[in-house]
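A.B. asks: To start, I am sharing the structure in question, which I have written as structure tokens.
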Amino acid sequence: AQSVTQLDSQVPVFEEAPVELRCNYSSSVSVYLFWYVQYPNQGLQLLLKYLSGSTLVKGINGFEAEFNKSQTSFHLRKPSVHISDTAEYFCAVSGKSGGSQGNLIFGKGTKLSVKP
Amino acid sequence: DAGVIQSPRHEVTEMGQEVTLRCKPISGHNSLFWYRQTMMRGLELLIYFNNNVPIDDSGMPEDRFSAKMPNASFSTLKIQPSEPRDSAVYFCASSFPGQGVTEAFFGQGTRLTVV
């Protein structure tokens, strides 16, 4: 079974400042990792994903994340945020094999609030 | 592609009534997921189907909840009888794990209010 922990429920930040949203996971099998964004009254959209290969993954809207297997982390970063980045961000994990394959497990989300 | 389509977008019903939520996945996707989102519990996986077969329904909270996928292009989530604590946003998502898992594509959600 897998689980995901997003340590920060809310992150306030000023416009043009850098931001890091933290995500840690646990799993007994190898995993795929995802970050999704949810704007108010919308469904979830994929920001980026890690399947294999380079541990630094670049996504849409200038976001990137780094997979760290030893620390079981997949933190999301952006060097300079905009007001339009205000949204809730979800980290998710899926097992690569067995019964957990295809089963996306989400963290509880981090609300990013960008202030002018 | 129209994406994952859910209906209705909003549903208000009285306690004790039956509620049916509907989902049309993206054409060609063979995995379908139902999630529930609340402030208290976040995003919870209720059930997922692969090739129309329920694979994991351990997240279905009670026997009042049931889900079906009669064919590859349609799924329903039914709550009977509904209770105020079922109020939440219900999301449907689909994916095509052809060579391992790819990302899930989400619908806009159904906001259910049980009064």
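Only the coordinates and a few stated rules stand behind these numbers; no lab work does. This one's a predicted model, so the numbers in the text were calculated from it and none came from an experiment. Here the Cβ positions follow ideal geometry from the backbone for every residue, glycine too, while neighbour counts run over all protein chains shown.
A.B. asks: If you average the sequence gap of Cα pairs under 8 Å that are 6 or more apart and divide by the length of chain A, what percent do you get for the contact order? Write down the numbers at each step before the final one.
C.D. replies: Values: 294 pairs, mean separation 43.0, N = 116.
Relative contact order comes out at 37 percent.
A.B. asks: Taking amide H positions as placed 1.01 Å from N in the peptide plane, with prolines and chain starts having none, which residues 5 or more places from A:GLY109, or on another chain, fall under 5 Å of its amide H?
C.D. replies: HN-HN under 5 Å from A:GLY109: A:GLN6, A:CYS91.
A.B. asks: If the cut-off is 29 Å between C-alpha atoms, which lysines fall inside it for A:LYS69, apart from same-chain ones fewer than 8 positions away?
C.D. replies: Answer for A:LYS69, where 29 Å is the Cα cut-off: A:LYS49, A:LYS58, A:LYS78, A:LYS96, A:LYS108, A:LYS111, listed by chain and number.
A.B. asks: How about segment B:40-115: which GluC sites (Glu not before Pro) there lie in a loop by DSSP and see at most 14 other Cβ atoms within 10 Å?
C.D. replies: Here the GluC sites (Glu not before Pro) that fit, given the DSSP loop and packing criteria, are B:GLU62.
A.B. asks: Taking only the Cα atoms of chain A, how large is their convex hull per residue, in Å³?
C.D. replies: So the per-residue Cα hull volume is 94 Å³.
A.B. asks: Of the trypsin sites (Lys or Arg not before Pro) in segment B:1-89, which ones lie in a loop per DSSP and count no more than 15 other C-beta atoms within 10 Å?
C.D. replies: Working: sites: B:ARG9, B:ARG22, B:ARG36, B:ARG41, B:ARG64, B:LYS68, B:LYS78, B:ARG85; in loops: B:ARG9, B:ARG41, B:ARG64.
In loop regions of segment B:1-89 (DSSP not H, G, I, E or B), the sparsely surrounded trypsin sites (Lys or Arg not before Pro) are B:ARG9, B:ARG41, B:ARG64.
A.B. asks: Based on Cα coordinates alone, diagonalise the gyration tensor for segment B:3-115, multiply each eigenvalue by 5, take square roots, and list the semi-axes in whole Å, largest first.
C.D. replies: 23, 13, 13
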